[in-house]
Amino acid sequence: MMLAQSGVEIRDRSDASCVADNGFCPRWIADNLDRYADPLLQHVYLTLVSVAIGFAVAAALALLAHRRRWLVGPIVNVTGILYTIPSVAAFFLLLPLTGRGNTTAIVALVAYTLLILFRNMIDGLDGVPEESRDAGRGMGLTRRQLLWRVEVPLALPAIMTGLRVAMTTTVGLAALAFFAGAGGLGAEINADLAFKSNVVVASALCLLLAAALDGAILLAQRALTPWSRAA
């Protein structure tokens, strides 16, 4: 009993020393995983909402530019400028307009998705073989029917690739959303940068989230484009 008791005390002292020394403490991680639940959910929320809004905006712009080709250059230039603004600077620039919180973070994150999504959508639509369009016209399809039944389905691989890139990029950028007061896993990392266990757990959750979302989109792509998988 004494030995067991002594062993517990030694283990406790060892763990306390690990925390005090800002080390990597597996036991502390196991005992404190629940503290990351809310930040992880917030990170997922910021990522999914931002990419969903960005996808809708980029899709509208891509469909418009696909018919009016002169718009491609200006849209790429504008979205390219938005993409080059440093994320932290974007958050601080938006703060006077949208205040601290989710709105500021989401507006900035949406802006970063537009270039990636728009370019992949346009490239996908431009890459549709002309003979496929001719076959659709020969079947009597209208311009709108040709777009939705022929062009968009054949452009899906490129579109989904852009979505995967935008999603994983947004997961990383959302780690900086705490500068806008939006929380997320980045807030946990910043809360104690010196404590290795905290940084490792929060960073690992970011990586796992990015991998999980990327895998989900890849599965959806394979389900939506069975012909490309067969090829």
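Values quoted throughout were computed directly from the atomic coordinates according to the rules given, and no laboratory measurement underlies them. Fair warning: this is a prediction, and the values are worked out from it, not measured in the lab. Note that each Cβ is placed from the backbone with ideal geometry, even for glycine, and that neighbours are counted across all protein chains shown.
Details
- Look at the range 172-184: where a residue is within 10 Å of Arg100 (Cα to Cα) and a partner is surrounded by 22 or more Cβ atoms within 10 Å (Cβ to Cβ) and acidic (Asp, Glu), sitting 6+ places away or on another chain with Cβ atoms under 9 Å, you get Phe178/Glu188.
- Only listed residue being surrounded by fewer than 18 Cβ atoms within 10 Å (Cβ to Cβ), not hydroxyl-bearing (Ser, Thr, Tyr) and not in a helix (DSSP H, G or I), chosen from Leu193, Leu207: Leu193
- Of all residues in the range 32-44, those satisfying the criterion of being of a type outside the set (A, V, I, L, M) and more than 10 Å from Ala177 (Cβ to Cβ) are Asn32, Asp34, Arg35, Tyr36, Asp38, Pro39.
- Summed over the range 129-175, residues that are more than 30 Å from Leu207 (Cα to Cα) and of a type in the set (S, T, N, Q) total 3.
- Within the range 187-200, residues that are under 19 Å from Val171 (Cβ atoms) and in contact (Cβ under 8 Å) with a residue 12 or more places away in the chain sit with their Cβ atoms under 6 Å from residues that are in a helix (DSSP H, G or I) and hydrophobic (A, V, I, L, M, F, W, C), at 6+ positions apart or across chains, in these pairs: Ala187/Phe178; Glu188/Ala202; Ile189/Val199; Ile189/Ala202; Asn190/Phe178.
- Filtered residue count, the range 20-36, keeping only those that are more than 23 Å from Ile106 (Cβ to Cβ) and assigned to a helix (DSSP H, G or I): 11
- Among the residues of the range 118-171, the ones that are crowded, with 17+ Cβ neighbours inside 10 Å, over 17 Å from Arg67 (Cα atoms) and of a type in the set (D, E, K, R) come to 1 in all.
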